[in-house]
Amino acid sequence: MGLMYPQGMILMQEWHDISMKKNIGIATLIIVLVLCALYQNQANANKNVSIALKEAPKVNYQAPSFDLLGLDGKVYQVGGQRDKLLLINFWASWCEPCHMEAEDLQSIYTKYNDKLDLYGVNVTYLDSQAGAVDFVTEYELTFPILLDKSGDVTRSKYHIDGYPTSFLIDQSGVVVKTYFGVVSRTELETDIDNIINNRSH
């Protein structure tokens with residue numbers, strides 16, 4: 001009782017060898033599956049980067065589409081065909097250059113209201129809604145102010161890292177011109193008039 005004979009020991013050794021091989025096989029399979037998962041995740045990440053770069057706004061390319069809620073409670077859409085030209089201005093209440101161009105933007109909106117939509121996109125994720133309201137009140141802005149609370153539009157779709165930045169978009173949804181920094185009323189008037197005159201011929 002309790003003794004193990006040589007034949008039994010051989011059988012136990014063979015069973016042990018088989019178990020070891022099985023465990024090694026399972027471990028190898030797990031490693032392969034983990035490596036495949038890591039590869040797939042990296043491929044998806046690269047795909048996302050490619051899409052983001054492809055959607056970055058460039059002159060003569062379609063402007064990235066988006067929907068944002070405005071201070072007035074309405075949802076504003078950008079993308080594709082529209083009846084008017086569109087000027088999108090990305091700004092923040094703490095941005096001194098944004099203060100410098102605010103009155104000119106309001107003048108442009110008033111002058112071209114029947115031919116141009118102007119959306120002021122506040123980078124609310126870096127600012128505050130209260131700050132945006134104070135800014136609008138100070139300069140008596142009447143054009144729609146959109147709130148980018150998540151930063152998805154500013155960072156992921158338009159890749160903006162400086163303010164103000166503006167995009168002039170035609171009725172086909174194509175970016176006509178990009179403005180980095182303060183843009184003067186004179187420059188905007190010239191660009192808008194050129195587009196309108198070219199469309200009329």
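Each value in this text was obtained by applying a stated rule to the coordinates, not by laboratory testing. In this text, all values refer to a predicted model and were calculated from it rather than measured experimentally. Cβ atoms come from the backbone with ideal geometry, glycine included; neighbour counts cover every protein chain shown.
Charges were assigned to the Cβ only: +1 to each Lys and Arg, -1 to each Asp and Glu. The resulting dipole of the range 94-174 about its Cα centre is roughly 300 debye.
Just to confirm the filter: which chymotrypsin sites (Phe, Trp or Tyr not before Pro) across the range 82-189 are DSSP coil and have at most 14 other Cβ within 10 angstrom of their Cβ? For chymotrypsin sites (Phe, Trp or Tyr not before Pro) across the range 82-189 that sit outside H, G, I, E and B with at most 14 neighbouring Cβ atoms in 10 Å, the list reads TRP94.
Each residue of the range 139-150 was assigned a 3J(HN,Hα) from its phi angle through the Karplus expression (A = 6.51, B = -1.76, C = 1.60, θ = phi - 60°), giving 9, 6, 6, 10, 7, x, 10, 9, 10, 9, 6, 8 Hz with x at Gly and Pro. Ignoring aspartates and glutamates fewer than eight residues from LYS115 along the same chain, the ones with Cα atoms less than 20 angstrom from its Cα are ASP83, GLU103, ASP104, ASP170, GLU187, GLU189, ASP191, ASP193.
The trypsin sites (Lys or Arg not before Pro) of the range 54-96 that DSSP puts in a loop, and whose beta carbon has at most 14 other beta carbons within 10 Å, are LYS58, LYS74. Placing a pseudo-label 7 Å from each Cα along the Cα-to-Cβ vector at SER172 and ASP134 gives an inter-label distance of 4.4 nm.
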